[in-house]
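The values are calculated or read from the model by the stated rules, or taken from the named source; none is laboratory data. Small disclaimer: the values here were computed from a predicted structure and weren't measured. Every residue, glycine among them, receives a Cβ derived from its backbone with ideal geometry; neighbour counts consider all protein chains shown. Protein only, heavy atoms only, side chains kept; ligands, DNA and RNA dropped before computing areas. Shrake-Rupley method; radii C 1.70, N 1.55, O 1.52, S 1.80 Å.
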Amino acid sequence: MNEPIRQHWVPKVYLRHFATSDTAGNVDPQINVYDTHTNRKFLTSVNNIAVKRHLYTIGVNEPKKLYAVENMLSLIETKVKPYLEELANGNNVQKINKAKKILAFFLATLVTRNPRMLNLLHKSRDDDSVINKLSNQERKWFYDLNDEGMNIFFSRSILWSANPLANDLVKMKWCLIGASTGGFITTDNPLSVYHPSIKPYGILTPGAHIHFVVSPKYMLLIGNDLPVEENKTYFMPAEVINGFNSVLIWQAERYLVSSDNFDKIEWLIYESRKEI
């Protein structure tokens, strides 16, 4: 039995919605990728982006490795797949029983299941604003963790933290934004958060807007204070879609993903990355 050592923090079941028109529906579809670190554009398989060996594996250096977290994430992806497809086709599936809860849990895992969060966890040891909130016993436990212990803590915290965050997401307004012209891209950080006036802000900051592009045609918009009716679909022109894309580009870790080449929006990539 093959061990799942190549572990995606942006699931392939999601990336498939951004396949090129000539490979969509294939077993191993291709996507257009833009590397913001090198400005290189290339085609590659959905299998080759946002992936790292043993990202969630427990006991990497042990003879018997545990893949419980990776297996649970795969199960979540299997359950959410039909709802992602409904959303990608423009159907407001949050009206369907249990769909919103499953989608919310999936989105909650995307917040923490990436290498950026693992790196932040390691850096938090040197962050007084984090350490000072811990008791002496908690502080000692934290400092005594070796790299393997930190990785185990990271892996398990993905599922620990997902349920309370999902409960908050379910209570928010959800609607779809459709592209009447132009189209959406996605990134290696596909769940982006934007606040029109407050900085810094987080996913639960009052007034924050959560963006999750589900296909080149549609984006899920979530928030407590959205100036729209929930469970509706709103079609927007290209200039508004570019505004949403700009937030995604700005918050990307490194890679942008599209079903089309990036020639038409290369100017937007340049302008958005200047803000970093």
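Taking amide H atoms as placed 1.01 Å from N in the peptide plane, the amide H of V214 lies under 5 Å from those of M219, L220, each 5 or more residues away in sequence or on another chain. Amide hydrogen proximity for L55: with H placed 1.01 Å from N in the peptide plane, the residues at 5 or more positions away or on another chain lying under 5 Å are Q7.
Find the relative contact order for region 74-192 and round it to a whole percent, using C-alpha pairs within less than 8 Å whose residues are 6+ positions apart.
Relative contact order, region 74-192: 36 percent.
Over the chain, DSSP H runs of length four or greater, each weighted -39,500 (n - 2.57), average out per residue to a 222 nm ellipticity of -12000 deg cm²/dmol. For region 56-208, a crude dipole built from +1 on the beta carbon of Lys and Arg and -1 on the beta carbon of Asp and Glu, taken about the Cα centre, is about 520 debye to the nearest 20. Sorted from longest to shortest, the spans of the Cα atoms of region 164-223 along the three principal axes equal 32, 24, 21 Å.
Counted residue by residue at 0.36 nm each, then reduced by the alpha carbon distance between them, the extension gain from S45 to T20 reaches 8.0 nm.
How big is the Kirkwood radius of region 1-107, worked out from every pair of different alpha carbons and given in Å to one decimal?
For region 1-107, inverting the mean 1/r across all distinct Cα pairs yields 15.7 Å.
Note on region 220-276 and region 87-110: Cα centroid distance 20 Å, given to the nearest whole angstrom.
Over the C-alpha trace of region 95-243, radius of gyration and Dmax come out as 18.0, 56 angstrom. Across the chain, the relative contact order, built from alpha-carbon pairs under 8 Å that are at least six residues apart, equals 23 percent.
Between the alpha-carbon centres of region 130-158 and region 177-216 there is a gap of 31 Å. Sequence-distant contacts, meaning Cα pairs under 8 Å at least 6 residues apart, place the relative contact order of region 143-211 at 20 percent. Computed with a 1.4 Å probe over protein heavy atoms only, the accessible surface of region 109-248 comes to 48 Å² per residue. Here region 1-89 is assigned +1 on the Cβ of each Lys and Arg and -1 on the Cβ of each Asp and Glu. Its dipole about the Cα centre then comes out at about 240 debye. Computed about its Cα centre, the charge dipole of the chain is approximately 500 debye, with only Lys, Arg, Asp and Glu carrying charge at their Cβ.
Would you mind checking K173/K274; K81/K101; K52/K264 for any pair whose Cα atoms are more than 21 angstrom apart? Cα-Cα > 21 Å for K173/K274; K52/K264; rest within. If you bin all the Cα-Cα distances of region 206-276 at 5 Å, starting from zero, the percentages per bin are 3, 13, 25, 27, 17, 11, 5, 0.
Have a look at the DSSP beta bridges in the chain and tell me what percent are antiparallel, nearest 5. Given both bridge residues lie in the chain, the antiparallel proportion sits at roughly 90 percent. For the chain, complete DSSP H runs whose alpha carbons reach 18 Å or more along their own long axis and whose mean Kyte-Doolittle score is 0.0 or higher are 68-88, 99-112, 147-170, 238-251.
Taking only the Cα atoms of region 16-77, the ratio Rg/Rh comes out at 1.10, with Rh defined as the Kirkwood radius. Alpha-carbon geometry of the chain: the Rg and the Dmax are 19.0, 58 Å, given in that order. For the options L84, L15, L120, a Gaussian network treatment of the chain with springs between C-alpha atoms closer than 10 Å singles out L120 as fluctuating the most. Comparing region 1-50 with the 2.2 N^0.38 Å rule of thumb, its C-alpha radius of gyration ratio is 1.23 (two decimals).
Within region 61-125, the ratio Rg/Rh, alpha carbon atoms throughout and Rh by Kirkwood, equals 1.12.
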